[in-house]
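Below is one structure, written out as structure tokens, with a few remarks after it.
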Amino acid sequence: MPSFGTLKADTLTHSTAGSLATNFVVNGSAKMWLHYNHDTPAIQDSFNVSSVTDVTTGSFDPQYTNSMNSSSYAVFRMGQAELSNADCTQYCFNKATGSMRCYNGENNAARDLANTDAGVFGDLA
């Protein structure tokens, strides 16, 4: 198959929806996302995730296929509570350019969740 080189554009234009600067698309797109079953444990779906290490109950480390530019990126976490009247907590820490630590808890105790998500926004290296 022939190589066609590089496509460079400053603006994307749709026939009916208008125009959008390409830097908005690049800067505003998730650089990593993960839907993870920590019970199994198994990656259900992902983007830019090479693997996930099950650290301990409630904690896991996703490793990125392509590293971030620095550890100053934004992370968004979500999890589906499994217990009745659960107070559910998700957060991340130990952010590095190639991974982070994710924590899930319910009712003030670490807990593996069958449906937990993470998303990363920032600059790739």
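Just a few scattered comments:
- Strands (runs of 3 or more DSSP E) fully within segment 2-47 that include at least 1 residues being exposed (fewer than 13 other Cβ atoms within 10 Å of the Cβ) and at pLDDT 80 or above: 11-14, 18-21, 42-47.
- Within segment 1-24, the set of residues being of a type in the set (Val, Ile, Thr) and in contact with a strand residue (DSSP E or B) (Cβ under 7 Å, 6 or more places away or on another chain) comprises THR11, THR13, THR22.
Results for (1) crowded, with 17+ Cβ neighbours inside 10 Å; (2) touching a residue at least 60 places away in the same chain (Cβ under 8 Å); (3) over 21 Å from ASN37 (Cα atoms); (4) touching a strand residue (DSSP E or B) at 6+ places or on another chain (Cβ under 9 Å), shown as yes or no for each residue.
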{"residue": "GLY58", "(1), (2), (3), (4)": "yes, no, no, yes"}
{"residue": "GLN63", "(1), (2), (3), (4)": "no, no, no, yes"}
{"residue": "GLN90", "(1), (2), (3), (4)": "yes, no, no, yes"}
{"residue": "ASP112", "(1), (2), (3), (4)": "yes, yes, no, yes"}
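- Members of segment 48-79 that are farther than 12 Å from ASN104 by Cβ, assigned to a strand (DSSP E or B), in contact with a Phe, Trp or Tyr (Cβ under 8 Å, 6 or more places away or on another chain) and among the hydroxyl-bearing types (Ser, Thr, Tyr): SER50, THR53
The values are calculated or read from the model by the stated rules, or taken from the named source; none is laboratory data. Keep in mind it's a predicted model, so treat the numbers as computed, not measured. Backbone-built Cβ (ideal geometry, glycine too); neighbour counts: all protein chains shown.
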